[in-house]
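Before any comments, here is the structure.
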Amino acid sequence: MKKSFGVLIFPVLFSLGFVANATTVIPPNFDELVGRAQIIFEGEVTALQSQWIGEGAEHRIVTFVTFKVDDTLKGDPGVSYSIRMLGGTVDGRTMEVTDAPKFKVGDHDILFVENNGSQFIPLVGIMHGRFHVAREQSGREIVAINSGEPLSDVASLGKEEHGVSSAKAALSPSEFKAAIQGRLQAGAPSKERP
């Protein structure tokens, strides 16, 4: 009995370690975000649906996050778009990916999507591919990185997260989208960092 228990623990620990290591990413800079994304859009989360997929060792929970698309910047997400993310809760059982963005209905975001349906978190740089649209106390809409810090300069992306906010005012969604469109018109490089 002890032997069986030990044999069961090792695969569980190994798989947990693998998931934790899989979320270690180099933060992409602005050019990499724009260049690597297959789809870039602004939208609002309208639904979350978690379900089991796969068989045997491939049996896992995924969550489909559905957005109402408000503005398309790259690609063709249509009027409604769903991303498939590893993790979620089904029948009281939860599977969680470290550092994965957490979505809820009503969230308003600008997303940089790559490899949807085949990548475990289909955002460029995992959490770095999600920018939340928030409101300042004054009511002005701003763009925040996944950690919640306001984004004041696209040139700061890919650097230490604590250096993202500065003395400059936070970017509004329209200013951020104008920077994305400018980068697309200039021809964003599509290479990843070496």
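The values are calculated or read from the model by the stated rules, or taken from the named source; none is laboratory data. Just so we're clear, the structure is a prediction, and the values are computed from it rather than from any experiment. Cβ coordinates were reconstructed from backbone atoms using ideal geometry, including for glycine residues, and neighbour counts include every protein chain displayed. In case anyone asks, the SASA skips ligands and DNA or RNA and just uses the protein heavy atoms, side chains included. Shrake-Rupley method; radii C 1.70, N 1.55, O 1.52, S 1.80 Å.
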Problem set entry | Cα Rg, Dmax, the range 94-133, angstrom units | 10.3, 27
Seminar exercise, completed: For R60, the net charge from surrounding residues (Cβ-Cβ under 13 Å; K, R +1; D, E -1) works out to -1
Exercise. Using the Cα gyration tensor of the range 32-108, with a ≥ b ≥ c the square roots of its eigenvalues, what is the shape: rounded (a/c below 1.5), prolate (a/b larger than b/c) or oblate (neither)?
Worked result: prolate
For this session: Taking all pairs of distinct Cα atoms, average 1/r, flip it, and tell me the Kirkwood hydrodynamic radius of the range 35-194 in Å to one decimal place.
Result: 16.6 Å
Exercise. Among 137-149, 78-90, how do they line up from the highest to the lowest mean number of other beta-carbon atoms within 10 Å?
Worked result: 78-90, 137-149
Exercise. If you take the Cα Rg of the range 102-178 and divide it by 2.2 N^0.38 Å, with N the number of residues, what do you get?
Worked result: 1.11
Problem set entry | Heavy-atom surface of the range 43-194, accessible at 1.4 Å and reported per residue (Å²) | 53 Å²
